[in-house]
Amino acid sequence: MKLIIGLGNPGPQYFNTRHNFGFLAANFLQDSLPGFSGWQANEKFKALLSEGQIDGEKILLAKPQTFMNNSGQAAKLIADFYKLEPADILVLHDDLDLPLGEIRVSRNSGAAGHKGARSVIEKLGTKNFLRVRLGIKPAKQTFLARFFKKFTPTEKFVLQKFSEEEKIFVQRATAKTKEALLLILKEGPAGAQNKFN
């Protein structure tokens, strides 16, 4: 069994924001992978869950409902209940250092300032799990984008919604995330890392 956790903040006001890219990627997987159930609220795990199978292996998609900074609570509850090893967990989250539309597959790396990733690391007691980092840096580095990044606090920037012209890059990244997941399941992490890193 594999657990895939998309990180984000619950509530309609956060939908389609940069910090909710993990949720968006999880939504795309749930919608595009055949046979996955609809999202169901699970109070015990403090998350929305969707279940399915890929090539005979059970896959559990999760969107923690604890808010970003406490994402690790849901991750630990689910991992403990199903007795999952770190190698069975994949976390999807936004990354301010990567251009929008790009992804990176990593393992055993630090939180790099991402509070949701830090919470998961702290609660699981390890950083030796897989992550797909989804870039949110403006794809077009125009003067306006550079000015905006320089003078906009990170907390405000990550809570901004994707613009209409950025949505094509969002779609590219979520499609790449699905491709990376399928490669991980088929060939192991190295296959996805070779393609996307």
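Considering (1) over 24 Å from V158 (Cα atoms); (2) in contact with a helix residue (DSSP H, G or I) (Cβ under 7 Å, 6 or more places away or on another chain), the lone condition that G56 does not fulfil carries the number (2). Checked against (1) over 26 Å from Q160 (Cα atoms); (2) part of a loop (DSSP other than H, G, I, E, B), N9 meets all criteria but (1).
Once the range 151-197 is narrowed to residues that are in a helix (DSSP H, G or I) and β-branched (V, I, T), the residue that is farthest from Q13 (Cα to Cα) is I184. Does S109 fit the bill of being small (G, A, S) and in contact (Cβ under 8 Å) with a residue 60 or more places away in the chain? Considered against the rule, which asks whether it is small (G, A, S) and in contact (Cβ under 8 Å) with a residue 60 or more places away in the chain, S109 comes out as no. Taken over the range 48-78, the criterion of being surrounded by fewer than 22 Cβ atoms within 10 Å (Cβ to Cβ), of a type in the set (G, A, S) and outside any strand (DSSP E or B) is satisfied by G56 alone.
Test N70 against the criterion of being touching a Ser or Thr at 6+ places or on another chain (Cβ under 7 Å), of a type in the set (S, T, N, Q) and without any contact (Cβ under 8 Å) to a residue 60 or more places away in the chain, and give yes or no. Considered against the rule, which asks whether it is touching a Ser or Thr at 6+ places or on another chain (Cβ under 7 Å), of a type in the set (S, T, N, Q) and without any contact (Cβ under 8 Å) to a residue 60 or more places away in the chain, N70 comes out as yes.
Can you find a residue that is surrounded by 13 or more Cβ atoms within 10 Å (Cβ to Cβ), at pLDDT 95 or above, in a helix (DSSP H, G or I) and not acidic (D, E) anywhere in the range 123-144? Yes, the conditions are met somewhere in the range 123-144.
If the Cβ limit is 6 Å and pairs must be 6+ apart or interchain, which residue in the range 166-185 that is without any contact (Cβ under 8 Å) to a residue 60 or more places away in the chain pairs with which residue that is of a type in the set (A, V, I, L, M, F, W, C) and surrounded by 20 or more Cβ atoms within 10 Å (Cβ to Cβ)? Once the first residue is without any contact (Cβ under 8 Å) to a residue 60 or more places away in the chain and sits in the range 166-185, its partners that are of a type in the set (A, V, I, L, M, F, W, C) and surrounded by 20 or more Cβ atoms within 10 Å (Cβ to Cβ) give L183/A192. Please go through (1) over 22 Å from Q160 (Cα atoms); (2) at pLDDT below 95 for D88 and return the number of the only condition it doesn't satisfy. The single condition D88 does not satisfy is (2). Taking each residue of the range 47-61 that is over 14 Å from K178 (Cα atoms) and looking for partners that are crowded, with 21+ Cβ neighbours inside 10 Å and polar (S, T, N, Q) with beta-carbon atoms closer than 6 Å, six or more apart or interchain, yields S50/Q30. Number of residues in the range 89-130 that are within 18 Å of F45 (Cα to Cα) and in contact with a Leu (Cβ under 6 Å, 6 or more places away or on another chain) equals 3. Go through the range 18-38 and give me each residue that's assigned to a loop (DSSP other than H, G, I, E, B) and closer than 30 Å to P138 by Cβ. Listed by number, the list holds a single entry, L33.
Restricting attention to the range 83-103, the residues being within 26 Å of L49 (Cβ to Cβ), in contact with a Lys or Arg (Cβ under 9 Å, 6 or more places away or on another chain) and either free of Cβ contacts under 8 Å to residues at least 24 places away in the same chain or not acidic (D, E) (or both) number 9. Exactly one residue among L90, L84, L29, L24 is surrounded by fewer than 20 Cβ atoms within 10 Å (Cβ to Cβ), among the aliphatic types (A, V, I, L, M) and touching a helix residue (DSSP H, G or I) at 6+ places or on another chain (Cβ under 9 Å), and that residue is L84.
The values are calculated or read from the model by the stated rules, or taken from the named source; none is laboratory data. Values in this document were obtained by computation on a predicted structure and should not be read as measured data. Don't worry about glycine lacking a Cβ; one is built from the backbone with ideal geometry, like all the others, and counts go over all protein chains shown.
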